[in-house]
Amino acid sequence: MGPNDAQIVRVFSRGLKGPIADLTLNPNSEGEVVLEAEAGETLHDGGGDYLVTLVVRDLSDGTAIPAQVPNAPKPGEVKGRFRDPNWVDLPASFGFVMSSADLKNHRGHLVQAYGSVVYGNTKPGSTFAVSQTFQILP
């Protein structure tokens, strides 16, 4: 990755605010998919635009599970400029929360998350990553 680029480091599931990744989510509590990314120093210091998106896909039935960063205006999306409160330093972490009610509708299913970051103003770039498959417990 160069100084004018951004890159997703990883996308992973865990219990809400859990200390480590977890490939099984308990449907009786909220779950979270975390997208960790890094921005190059020139890109970040220039304060360019970014758009982080995340789609959580139920592989068992083909539907999507809503996931939203707290205080973001819409599910599956965080929009801003580098150095704003969501992307203060070169590395950033975005926690997309899935409600217990939504997880209960997908009990026992296999799930995967797809994340992307589109960045820059005059010459935009993008990066994407896919999580490991995880399961919502029965």
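Within the stretch 27-39, restricting attention to residues that are assigned to a loop (DSSP other than H, G, I, E, B) and touching a strand residue (DSSP E or B) at 6+ places or on another chain (Cβ under 7 Å), which residue is surrounded by the fewest Cβ atoms within 10 Å (Cβ to Cβ)?
Among residues in the stretch 27-39 that are assigned to a loop (DSSP other than H, G, I, E, B) and touching a strand residue (DSSP E or B) at 6+ places or on another chain (Cβ under 7 Å), the one surrounded by the fewest Cβ atoms within 10 Å (Cβ to Cβ) is S29.
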- [ ] Check whether at least one residue in the stretch 4-26 is surrounded by 18 or more Cβ atoms within 10 Å (Cβ to Cβ), within 20 Å of T133 (Cβ to Cβ), touching a Phe, Trp or Tyr at 6+ places or on another chain (Cβ under 6 Å) and at pLDDT 95 or above, and report yes or no.
- [x] yes
TODO: Note down all Cβ pairs under 7 Å where the first residue falls in the stretch 65-93 and is in contact (Cβ under 8 Å) with a residue 40 or more places away in the chain, the second is of a type in the set (F, W, Y), and they're at least six residues apart or on different chains.
DONE: A67/F96; F82/Y50; W87/Y50
Open item on the list: Residues that are among the small types (G, A, S), more than 25 Å from I20 (Cα to Cα) and modelled with pLDDT under 95: does the stretch 52-69 have at least one?
Closed with: no
Open item on the list: I'd like the full set of residues that are closer than 18 Å to S100 by Cα, aliphatic (A, V, I, L, M) and part of a loop (DSSP other than H, G, I, E, B), limited to the stretch 59-82.
Closed with: A67, V69
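R14 - would you say it is charged (D, E, K, R), over 11 Å from the mean Cα position of the chain (by Cα) and closer than 25 Å to I136 by Cα? Break it down stepwise before answering.
On the way: charged (D, E, K, R): yes; over 11 Å from the mean Cα position of the chain (by Cα): yes; closer than 25 Å to I136 by Cα: yes.
The answer is yes for R14.
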- [ ] State whether the residues of the stretch 43-58 include one that is among the acidic types (D, E), surrounded by 14 or more Cβ atoms within 10 Å (Cβ to Cβ) and assigned to a loop (DSSP other than H, G, I, E, B).
- [x] no
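I want to confirm something. Restricting to the stretch 83-114 and keeping residues that are of a type in the set (A, V, I, L, M) and outside any loop (DSSP other than H, G, I, E, B), which single residue is surrounded by the fewest Cβ atoms within 10 Å (Cβ to Cβ)? Show your work before the answer.
Let us first name the residues in the stretch 83-114 that are of a type in the set (A, V, I, L, M), namely 88, 90, 92, 97-98, 101, 103, 110-111, 113.
If we keep only those that are outside any loop (DSSP other than H, G, I, E, B) as well, we get 92, 97-98, 101, 103, 110-111, 113.
On the way: A92: 23, V97: 18, M98: 25, A101: 10, L103: 21, L110: 14, V111: 24, A113: 24.
Per the criteria, the residue is A101.
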Task: Where V117 falls short, out of the listed (1) over 14 Å from the mean Cα position of the chain (by Cα); (2) crowded, with 18+ Cβ neighbours inside 10 Å; (3) assigned to a strand (DSSP E or B) - done: (1)
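The values are calculated or read from the model by the stated rules, or taken from the named source; none is laboratory data. What you see is a predicted model; the values in this text were computed from it and never measured. We place every Cβ from the backbone using ideal geometry, glycine too, and count neighbours over all the protein chains shown.
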